[in-house]
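Student: My questions all concern the structure below.
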Amino acid sequence: MTEPDSNPFASPPIEDEDPADAPLIDGDRIGRWLALPLISGALNGAGVIGIVGFSLVCLFYLSVGAFGEFVYSAGGRTMLGAQLLQLALFGGLLGGMSGLCHGSIAFALRNADRHRTTTAVLGYVFPLVILWGPILYILPLQQGLPLIWKLSAGAAFGLGCVLIGWRMNGNIHKYLLSRL
């Protein structure tokens, strides 16, 4: 008597699907379009900016002859570790922001094939603007660094940002755009 076929006034069956996780009108979920570039940008940003920055710090200390003091003393190793942590946090936070921007643009332009090039170009622009912009602002403020170190650090971080954009573009094309 309570079955929907025999009773026209019966309640509809309970659905187990969460409304927030429900597909959009075209059957796609925005969560994976935002989460994948966010995670990709954060992890790649932390790794690349941390490695590039830490390598530059170690090369600078090596060039001025103070690298041994930092490696052999506990306080020096702590300071080097703190610098690596700061660089990784900077790269992770701003890389995640870059990935979030890239993912939202890729989601908005996902159904238009003519916008694939725009999505790819913006995948390189966001890391350069969001990550490399503050670095280019901070580098001239460093007192006591020779100009060649500032220029080489800027170039190394710029190449690192291009690498982050290349990896985010690769992940978006491999895992998201190829499934459309």
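Student: Return yes or no: is Ala20 in a helix (DSSP H, G or I), at pLDDT 85 or above, among the small types (Gly, Ala, Ser) and open to solvent by 30 Å² or more (accessible area, probe 1.4 Å)?
Tutor: So Ala20 fails the test.
Student: Could you grab me the full set of residues in the range 28-52 that are touching a Gly at 6+ places or on another chain (Cβ under 8 Å) and small (Gly, Ala, Ser)?
Tutor: Matches in the range 28-52: Ala35, Ser40, Gly41, Ala42, Gly45, Ala46, Gly47, Gly50.
Student: Quick one: in the range 108-118, which of the residues that are closer than 19 Å to Gly31 by Cα and open to solvent by 30 Å² or more (accessible area, probe 1.4 Å) is modelled with the lowest pLDDT?
Tutor: Asn111
Student: Please verify whether the range 119-127 includes one or more residues that are at pLDDT 90 or above, open to solvent by less than 60 Å² (accessible area, probe 1.4 Å) and farther than 30 Å from Leu34 by Cβ.
Tutor: no
Student: To continue, here is another question. What do you reckon, is Gly65 open to solvent by less than 50 Å² (accessible area, probe 1.4 Å) and either of a type in the set (Gly, Ala, Ser) or part of a helix (DSSP H, G or I) (or both)?
Tutor: So Gly65 does not fit the description; no.
Student: Next question, about the same structure. For the range 142-172: of the residues being free of Cβ contacts under 8 Å to residues at least 40 places away in the same chain and of a type outside the set (A, V, I, L, M, F, W, C), which is nearest to Pro127 (Cα to Cα)?
Tutor: Here the residue is Gly158.
The values are calculated or read from the model by the stated rules, or taken from the named source; none is laboratory data. From a predicted model like this one, the values you see are computed outputs, not experimental measurements. Cβ: placed from backbone, ideal geometry, glycine included. Neighbour counts: every protein chain shown. These accessible areas exclude ligands, DNA and RNA; they are computed on the full protein's heavy atoms, side chains included. Shrake-Rupley method; radii C 1.70, N 1.55, O 1.52, S 1.80 Å.
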